[in-house]
Amino acid sequence: MSPRRRQLLARLAGSFRGNLTATVGAAITLFVIVACSLGAALMPYGPDHADFLALLSPPSLSHPFGTDSFGRDVLTRVLYGARVSLVVSAAGIAIAAALGTSLGMISAYKGGGADVVLMRFADLLFAFPSFVLALFLMVVLGFGTINVSLAIALTYFPIFARLARNMTLLVREEPFVLAARLMAEPTPRILLREILPNIAAPLIVQATIGIAFGIVIEAGLSFIGVGVQPPTPSLGVIMADGREYFQRAPWVLTMTGVAISCALLGLNLFGDGLRDLMDPRLRQRAQQ
Amino acid sequence: MAAPEREPSLGWLRRMYGGRKVAAPRSLAYFAGRLLGAVVTVLAGALVVYVVMKAAPGDPALAVLGENARPDAVAAFRHKHHLDEPFAEQFWTWLSGMLRGDFGLSLTIAGGIPISQLIAARLPITAFIGLYAVLIAVAVSLTMGTIAAVRRGRAADTIATSIAVLGISMPDFWLSYMLVFAFALGWRIFPAYGFVSPTESALGALYSGFLPALAIAAPMAAVFSRMLRTSLLEAASRECVVVARSFGFSARFVFLHYVFRNALIPYVTIIGLQIRYLLGGVVVIERIFGIQGLGSLMVDAAFARDYPTVLACTIVFLTIVLLVNLVVDLLCMALDPRRSA
């Protein structure tokens, strides 16, 4: 298994070099992650450091993104906020992936009535407009950071459930799964050791795109005021703040949005590139 | 009846020159099945959101009347809003009312007037903005997607594809502020805030709704044009295209009748799928531009903890998604007769 996996990784790395989309996407995503994990600490200001001599000052060398109405450095706040948004979104998608994948796999492997009910339920949730469902859940759960993650998880898990189910149905009849069943391996072990590694690729792609989705949902919810609550900085909170004085200081909202767009661009390109790499149909066409 | 799957082109040819057939009873049955499925989905969705809402912590009576409300006032409130009945009875009262178009009374918004009145006043506005956005997205994506596919691998393709990726990556509510910045505060071509209802003035609505519709349309236009590009390339590589070319049909005829028509099916389908995201955009952007639609009603209700109104809005949004998808089904049936045969 190990040499095979190493070979697989080497092949993945090899095709990465040929795939511009995935490379650029990975680079931007990596940059965003490094910027918000290290960059925030390197900034000379704290996220709540207020400089009352520089209220709403436009972008300059000392404040590349300008300052807000409290004289706080917008770049610093964006770096801290991006960290919050990223964690909120990643946590939500992680829950969605864990919940959706396990439900989808079990549902496909066991089949029967539970499978039908579960998939109908997933379809039902999928029919709701995602932001409307998230907003509804925020009203039910109450506004706040953790509940944003929960809302993202609940709106996104049907996608994982559906995907994991369809992939499991494909893999279920493969010889190595049958062999494992003949050897009387316990079902959880078959699901985790035999099936999961073989359906992981599309799930990872989905997770990458899902994190972008989560960031947008977080930003949207916090922007209208029902998501992450100030003074915790998240990208949506900073933008909601910037909206208040958009005419006098457009840079707060503008630069925060540029930062979000960069992060989303990276994740989207990365997800697209990964999908091209992992979809054998597309790969075949690329080789032709 | 339908041409064999290997040669859909010939079936299409026969229909073109042999006159159109009326819709077969079978496709009626197919559509009736989809309609029934949509109705069941709305009912199941109503049950799920109702149960979730009831499971929410907090007593709506106390939320409306305040923590220190007198017990008899609370009891009267609970009686007025059927909160003192058993769960099944409450649900049935609510559901049967909803099927008659009666969503009950709002708790806090607009002084407790019937929710159906609120929705009736705001639904046309949201429908207008949504339709406007879809039309813009379709117009833009038909152009961009076709150019990208026809000029595949050239500069125009790269530019169109890059614009599409950018469009997906910009949050629509941020984009709407950038549009306001450029076209309302900078150039002063369009109003920055406010919306003229289409019932007052159609032209005014088109004018004042342009920026919000454009902001909602941008990410969708990006998704649509990517989809159109992919499906045009897919359709162009089919065998029927080679056959049609060998018949001596002009490139233009082959493109319109073989490539484009086949590519439209996934394109129309993705419009149906994207309606979910469109409505999400509507909710935020209506608020930004001060449009008194369903989305801003839902946000106002969310802030006021007006549970029945939030519930009603959620169901109405679900119903819109399902209705649009029924229309998409009809379009797909018209485009691809095999689907219903």
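Take peptide B:102-114, look around each residue's Cβ out to 10 angstrom, count Cβ atoms belonging to other protein chains, and average those counts.
0
Between B:Ala32 and A:Val117, what's the calculated FRET efficiency when r is the beta-carbon distance and R0 is 25 Å? Round to 0.05.
For B:Ala32 and A:Val117, the calculated efficiency is 0.55.
Classify the protein assembly as shown from the C-alpha gyration tensor, please: rounded if a/c falls under 1.5, else prolate or oblate depending on whether a/b exceeds b/c.
It is rounded, given that a/c, with a ≥ b ≥ c, falls under 1.5.
What nm value, rounded to one decimal, do you get for the distance between A:Leu56 and A:Leu170 when each label is placed 7 Å out toward the C-beta?
5.5 nm
What's the FRET efficiency of B:Ile159 with B:Ile265 using the Cβ-Cβ distance as r and R₀ = 30 Å, to the nearest 0.05?
0.65
Efficiency by 1/(1 + (r/R0)^6): what FRET value for B:Thr199 and B:Val327, r their Cβ-Cβ distance, R0 = 25 Å, to the nearest 0.05?
Computed FRET efficiency for B:Thr199 and B:Val327 comes out at 0.65.
Which value in nm describes the separation of the simple spin-label points at B:Arg78 and A:Leu20, placed 7 Å from the Cα toward the beta carbon?
Here the modelled spin labels are 6.7 nm apart.
Determine the gain in length on full extension of the stretch B:Val150-B:Ala56; use 0.36 nm per residue of separation and subtract their C-alpha separation, reporting nm with one decimal.
Roughly 28.5 nm would be gained on extension.
For the range B:231-309, what is the charge dipole size about the Cα centre, in debye to the nearest 20, if Lys and Arg each add +1 at the Cβ and Asp and Glu each add -1 at the Cβ?
Roughly 300 debye for the range B:231-309.
In whole Å, what is the distance between the alpha-carbon centres of the range A:100-173 and the range A:205-260?
25 Å
Within chain B, what's the longest stretch lacking GluC sites (Glu not before Pro) that sit in DSSP loops with no more than 16 other Cβ atoms inside 10 Å?
That would be B:201-341.
Across peptide B:313-321, what mean number of C-beta atoms from other chains lies inside 10 Å of a residue's C-beta?
Average neighbour count from other chains, rounded to a whole number: 4.
About the Cα centre of the range A:30-179, how large is the charge dipole given +1 on each Lys and Arg Cβ and -1 on each Asp and Glu Cβ? Please answer in debye to the nearest 20.
Roughly 300 debye, rounded to the nearest 20.
Of the listed peptides B:148-154, B:126-132, B:214-220, A:57-63, what is their order by residue-averaged count of other C-beta atoms within 10 Å, with the highest listed first?
Descending packing order for the listed peptides: B:214-220, B:126-132, B:148-154, A:57-63.
Here, each number is a calculation from the coordinates, and none is a lab measurement. The structure displayed is predicted, hence computed values, not measured ones. We place every Cβ from the backbone using ideal geometry, glycine too, and count neighbours over all the protein chains shown.
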